[in-house]
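Taken together, the values in this text are just the output of simple stated rules run on the coordinates, not laboratory data. Here the structure is a predicted model, which means the values were calculated and not measured. Cβ placement follows ideal geometry from the backbone for every residue including glycine, while neighbour counts extend to all protein chains displayed.
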Amino acid sequence: MSVYVDITKKLGDFTLKVKFKTNRLATALFGLSGSGKSVTLKCIAGIIKPDSGKIELNGKTLFDSEKNVNLPPQKRNIGYLPQNYALFPNMSVKNNIYCGLTKYKPSQRKAICDEYIERFNLNFVADLYPHQLSGGQQQRVALARALATKPKLLLLDEPFSALDAQLKLQLELDMIDLLKEFDGDIIFVSHNKDEVHSLCESVCVIENGVCSVVCDIENILTNPATATQALLTGIENICEINNTGMTEFGFTLSDLKLGEYNHIAIKAKDIKFNCKNSDVTFVAQIDNTIKVSSNNYLVLIVNKNTKPLLMSFTQKENFANNSKITVGINYTDIYYLK
Amino acid sequence: MDLYPLFNSIRISLISTLIAFAVGVFSAYYISKAHRILKVSFDVIFTLPLVLPPTVIGFLLIKILGPNNFVGELFFNIFGIKLTMNWWSAIFATTVVIFPLMYRTARGAFQSFDTIISDTAKTLGLSNTYIFWKITMPVCKQGIIAGAVLSFARALGEYGATSMIAGYTPGKTATISTTVYQLWRTGNDELAVKWIVINIIISAVVLLIINLIESRYYNNKEPFYVRLR
């Protein structure tokens, strides 16, 4: 079970250059909006033709610009779930699933359709039309429709982006459950780090149309190498740094590693209050306090017009807005990124 | 009252709507998927009859189909048929005049169809023919039907190009619009008014149908299928 992708595609003044190989079950393509993740998926599915390169699935060539091979999407045996699920609006749930069963004998189709309706818990909505369904139900129908064709590879393009945040967790659990019985590869596109963590074992980070190698999520968590990877790990403070050591946050670093790197990242919990022994200390003004899920943050501003810096604090400590505090950071707590 | 003009008008309108429908829908489908430059050039050519005066269209048609001109002469020599001054000659004129309406509405419908739906259908193994007839056409149906009804209404009211290429022969090429002109010219206002009332009733019914189709179309349209980038 492996997917090999090595393609280039020019889209306006943006060039996508993606090369990766997966041999694990679930791989995430992580990147910010507009980084070329969706286009990569469409190239694999055969909807968009890359300018050059090669795409292989389990050793079978799907696309090869040198040998002039370009299998149509109908012959690739790939399940594709676009962002808005693309259910056929003129067909009932049952027919949406039924019409895709083209490779089975007509006598088998009804049984297979019923089997998937049963397994995906769609009995009660089988005769309804897509616009009568909730977002979660639409997602289940699209998943059932794609998996009923027994694809070798399943492509999921931001499957949770069209859903309410409250529903997401339950639907993530549902999806993990439903995908258990699927024995093919999965490539999952997302810009949400939490989804990537809960659904995938390995990840490939795409930045400005160029991707990193596929690696374990754990690897990136402990050792992010680029700004986007740092974003994936959930590090709160990421900023650019220029060659004099000046950060966008407004304080200066005089460290040896300058030049090679152009971004730094600092965890909010690593910024310490009143710490005289820290490697870097500076005075900052408290702009605000915010609460994100269960974490409390102080929003610090070093100078006017600099990027705000987030610092963790416990509710026992009392900070007044607009008061000035001295904070410190250790060099060992700073991630240097490309 | 001789109802021949009513019968003739409806027959001409129906046939030309059918022709414009078939040609318009297929050219709209392929042009909506074509390259931008091709799209713009075809749009200009296919929409021209909408803005040109019908007399210009009539003139150009006579220059092509007239008995002393190339296509007309060729046809007469081979089949012994004159392409002008028959009841069906008006079909040439009305088809050209209504084509832009059919083409434009069909293209609008295809353009607003989210292509990710047909792309996903392809990954399920469905053939392009199946996708066109069972998914794209049903989803775009209402817009296309509204375009066809509008084309029919416009064909019914065609006068300029029709009178030039088919003329006015009572009981042969007379349509409602040419009859009204003839009756006014000969001072028969009473009969002219009768035809005008008939014409207004037909047009009002047609517009009512379009309204019904469009209101159904917009009520059914779910924001979920609005094109995502």
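Quick notes
- In this rough spin-label picture, where each label sits 7 Å from Cα along the Cβ direction, the A:Asn219-A:Gln285 distance is 4.5 nm.
- Of the DSSP H helices in chain A, those whose Cα atoms cover at least 15 Å axially and whose Kyte score averages 0.5 or more: A:165-179
- Residue-averaged [θ]222 nm for chain A, counting only DSSP H segments that reach four residues, each worth -39500 (n - 2.57): -6500 deg cm²/dmol
- A simple spin-label model places pseudo-atoms 7 Å from Cα toward Cβ; at A:Glu240 and B:Thr115 they are separated by 3.4 nm.
- Length gained when the stretch A:Val69-A:Phe14 is fully extended (0.36 nm per residue, less Cα-Cα span): 17.3 nm
- Neighbouring partner chain Cβ atoms per residue of A:80-87, average, 10 Å criterion: 6
- 20 °C / 1.002 mPa s Stokes-Einstein diffusion coefficient of the stretch B:4-227, Kirkwood radius on C-alpha pairs, µm²/s: 111 µm²/s
- Residue among A:Ser312, A:Gly53, A:Gly209 farthest towards the positive dipole end of chain A, charges placed on Cβ: A:Gly53
- Dipole of the protein assembly as shown computed with +1 at Lys/Arg Cβ and -1 at Asp/Glu Cβ about the Cα centre; of A:Met91, A:Ala142, B:Tyr30, farthest Cα towards the positive end is B:Tyr30.
- Table column - 3J(HN,Hα) (Hz), the stretch A:150-157, Karplus curve with 6.51, -1.76, 1.60, x for Gly and Pro: 6, x, 7, 9, 10, 10, 10, 9
- Bridges between two residues of chain A, per DSSP, are antiparallel at a rate of about 75%.
- Taking B:Asn86, B:Asn199, B:Asn188 as the candidate residues, the one with maximal mean-square fluctuation in a Gaussian network model of chain B, Cα springs under 10 Å, is B:Asn188.
- A simple spin-label model places the labels of A:Ser312 and A:Asn274 2.0 nm from each other, with each point 7 Å out along Cα-to-Cβ.
- Counting only residues at least eight positions apart within a chain, or on another chain, the aspartates and glutamates with an alpha carbon under 14 Å from that of A:Lys267 are A:Glu236, A:Asp333.
- Hz values of 3J(HN,Hα) by residue in the stretch A:201-208 - Karplus curve (6.51, -1.76, 1.60), Gly and Pro given as x: 9, 10, 9, 10, 9, 9, 10, 6
- Relative contact order (%) - chain B, alpha-carbon pairs under 8 angstrom, separation at least six: 29 percent
- Only the Cβ atoms of Lys and Arg (+1) and of Asp and Glu (-1) were treated as charged; on that basis the dipole of the stretch B:4-227 about its Cα centre amounts to roughly 340 debye.
- Charge dipole (Cα centre; +1 on Lys/Arg Cβ, -1 on Asp/Glu Cβ; no other charges) of the protein assembly as shown amounts to roughly 1280 debye.
- Helical runs assigned H by DSSP (4 residues or longer) give chain B a calculated mean residue ellipticity at 222 nm of -25000 deg cm²/dmol, each run adding -39500 (n - 2.57) before division by the residue total.
- Pairs beyond 22 Å (Cα-Cα), from A:Lys10/A:Lys338; A:Lys17/A:Lys37; A:Lys67/A:Lys103; A:Lys276/A:Lys324; A:Lys60/B:Lys122; A:Lys9/A:Lys180: A:Lys10/A:Lys338; A:Lys67/A:Lys103; A:Lys9/A:Lys180
- Taken residue by residue and averaged, Cβ atoms of other chains lying within 10 Å of the Cβ of A:189-202 number 0.
- Inter-part distance where the stretch B:29-102 and the stretch A:89-143 are each reduced to a Cα centre, Å: 47 Å
- Within a Gaussian network of chain A (alpha carbon springs, distance under 10 Å), most fluctuating of A:His131, A:His197, A:His263: A:His131
- Charges were assigned to the Cβ only: +1 to each Lys and Arg, -1 to each Asp and Glu. The resulting dipole of chain A about its Cα centre is roughly 820 debye.
- Three-way shape call for chain A based on the alpha-carbon gyration tensor, with the a/c threshold at 1.5: prolate
- Inter-centroid distance (Cα atoms) of the stretch A:1-78 relative to the stretch A:261-300, Å: 41 Å
- Candidates A:Val213, A:Val189, A:Val141, ranked by Gaussian network fluctuation over chain A, Cα under 10 Å, top entry: A:Val213
- Helix B:4-32 axis versus longest C-alpha principal axis of chain B: approximately 30°, rounded to the nearest ten.
- Inter-chain Cβ neighbour average for residues B:200-209, partner chain, 10 Å: 0
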